[in-house]
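Notes follow once the structure below has been shown.
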Amino acid sequence: MITSRAASRTPAAREGDRVATNRARVKSVEDSIRDTDEPGHRLKRHLSGLDLAVFGVGVIIGTGIFVLTGVVARDQSGPAVAISFVIAGVVCGLAALCYAEFASTVPVAGSAYTFSYATFGEFVAWIIGWDLVLELALGAATVAVGWSGYLNQLLGDLGVPLPTSIAGDEARFNIPAIVIVAVMTAVLVLGIKLSSRVTSVIVAIKVAIVLLVIAVGVFFVKAANYTPFVPPAQPPAADASGWDAPLVQTLFGFMPGTFGWGGVIAGASIVFFAFIGFDIVATAAEETKDPAKDMPRGIIGSLVICTALYVAVSLVVVGMQRYSELSAEAPLAEAFSSVGLPIFAGIISLGALAGLTSVVMILMLGQSRVLFAMSRDHLLPPAFAAVHPRYGTPYKITIVTGVFVAFLAAVVPLEELASLVNIGTLFAFVLVSIGVWVLRRTRPELPRTFRVPMVQVLPWVSAAACLWLMANLPGETWLRFVVWMALGIGLYFVYGRRRSRLAAGGSLDPATAGERETARNRATD
């Protein structure tokens, strides 16, 4: 019925749509898919649905499960931190449904960038591509610094610590961070199949450690530590003002308190960081054997698995140790020490180190695929879109990504910039959620192996939930986000807009795409 309504539109209406599409420089879904088969830009398809789920789990489970549990339980939610994880998981789940429909409909590298190109047009696509640098490159650099800190902690336990000037969060030139980025860059260049195997081994190690923590810790849970499950609400701190205050407080005077149900919701804004990464699965669409079926399974499956693990770990930790006594730096290790099991501190550190290794690699994988798609569209220098003839990977842009991430991790203080990862991700979620609704209206005839249920409602609920979490981030984060976006807009008008493939006469809609293909066939004949 939807297709018949689309077909019944008058020629004048269809011509109006075409003109509007041209002005917005919308790249059709057909053109995006056709680009994946261009000589020199064709990626090798090696990934299955299981591989994608492993990628998702590999990037989601990182420092969040080892650190944020204690911070949020102690300062925001109390034992109800498990509910904070559920709320954040539901928000991500709504966005995951939208990503799953897009990824099965437009199985092209680039994730939110490619999806936005097919719905909102080139300018918004550039904005979202530029925004994803905040999530992926900055996130990878931040995690690499954390990896360096955990490595130095383990070396310290063995009696051979590295000087703090070259390792850890306060290093002037972080050598271990450079090394891990360089190694992961080499793995990514050597092929997606090798990357998948390395990720599978690492994920197996850290999931085993997480399950061990749950299985052992459950025997030391005390029911008294769960009371009260939702501690009584307390007024906000008197010094929570200015740029450090949440934007919602600055704009509307609403001052989120601690504990109570308000604290539980505020805690969800913080633990959201622990879920970042499931959307990266969508960046590997071109390297998936059957993206129409495997992408939804990988995206949703990885999110469900990680949400279950997060809830289980948080319930065990707050049951082992009173929430008010939890450590902010190493809550899991301290919880086990409090019940006479200090040996688990080393095991947990090993799990965290393994977890961060896969996070660095998969974040860089996602970043390189987004930049690869942008280069293929000539919004960035097209030379970066070259694919290695033997390994079938976008090796040039992968190396550029590795150099950029290594530089950030080595010399740039990232503590205050880490919250930019959250706002960049949430902004991408908002556009993808709305984009699903837009593409249903503009291209209802496209084949969709996965459909968002209640499409008139759920995408808008997803966008609103993401905007609410964004509003709970500090004003200082918003200021930096606006500055970063302004830089990106300037770069687009200076370089990308004039050199874009669409500006050079590339096709803009299915009709002109068909004409171009026919002309090519005639020329070949």
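The values are calculated or read from the model by the stated rules, or taken from the named source; none is laboratory data. Given the structure is predicted, the values throughout are model-derived calculations rather than measurements. Neighbour counts run over all protein chains shown; Cβ positions are idealised from the backbone, glycine included. Protein only, heavy atoms only, side chains kept; ligands, DNA and RNA dropped before computing areas. Shrake-Rupley method; radii C 1.70, N 1.55, O 1.52, S 1.80 Å.
Here are a few things to note about the model shown:
- Residue in the range 373-385 that is over 30 Å from residue 495 (Cβ atoms) and either out of contact with any Gly (no Cβ under 7 Å at 6 or more places or on another chain) or of a type in the set (D, E, K, R) (or both) present: no
- Residues (assigned to a loop (DSSP other than H, G, I, E, B) and either modelled with pLDDT of 85 or more or closer than 16 Å to residue 502 by Cα (or both)) located in the range 99-141: 120, 121, 136
- So residue 156, is it within 24 Å of residue 355 (Cα to Cα), out of contact with any helix residue (DSSP H, G or I) (no Cβ under 8 Å at 6 or more places or on another chain), free of Cβ contacts under 8 Å to residues at least 12 places away in the same chain and of a type in the set (Gly, Ala, Ser): yes
- Subset of the range 187-202 that is open to solvent by less than 60 Å² (accessible area, probe 1.4 Å), of a type outside the set (A, V, I, L, M) and part of a helix (DSSP H, G or I) - its residue that is farthest from residue 393 (Cα to Cα): 200
- When the range 390-426 is filtered for residues that are open to solvent by 50 Å² or more (accessible area, probe 1.4 Å) and modelled with pLDDT of 85 or more, the ones remaining, listed by number, are 395, 396, 399, 400, 403, 404, 407.
- Residues located in the range 105-123, provided they are open to solvent by 10 Å² or more (accessible area, probe 1.4 Å) and under 18 Å from the mean Cα position of the chain (by Cα): 107
- For residue 146, the requirement of being crowded, with 24+ Cβ neighbours inside 10 Å and within 16 Å of residue 481 (Cβ to Cβ) is not met.
- Within the range 355-389, the set of residues being open to solvent by 10 Å² or more (accessible area, probe 1.4 Å) and free of Cβ contacts under 8 Å to residues at least 24 places away in the same chain comprises 381, 382, 383, 384, 389.
- Here residue 184 clears all of (1) at pLDDT 85 or above; (2) surrounded by fewer than 22 Cβ atoms within 10 Å (Cβ to Cβ); (3) not hydroxyl-bearing (Ser, Thr, Tyr) except the condition numbered (2).
- Any hit, the range 69-79, residues being on the phi < 0 side of the Ramachandran plot, crowded, with 24+ Cβ neighbours inside 10 Å and under 16 Å from the mean Cα position of the chain (by Cα): no
- Filter result (surrounded by fewer than 16 Cβ atoms within 10 Å (Cβ to Cβ), more than 22 Å from residue 433 (Cα to Cα) and of a type in the set (Val, Ile, Thr)) within the range 455-488: 483
- Here residue 168 clears all of (1) open to solvent by 20 Å² or more (accessible area, probe 1.4 Å); (2) closer than 20 Å to residue 360 by Cα; (3) touching a residue at least 12 places away in the same chain (Cβ under 8 Å); (4) outside any helix (DSSP H, G or I) except the condition numbered (1).
- Exclusive hit being within 16 Å of residue 421 (Cβ to Cβ), surrounded by fewer than 24 Cβ atoms within 10 Å (Cβ to Cβ), under 20 Å from the mean Cα position of the chain (by Cα) and modelled with pLDDT under 80, set 278, 273: 273
- Just one of the listed residues (70, 149) is out of contact with any helix residue (DSSP H, G or I) (no Cβ under 7 Å at 6 or more places or on another chain) and modelled with pLDDT under 85, namely 149.
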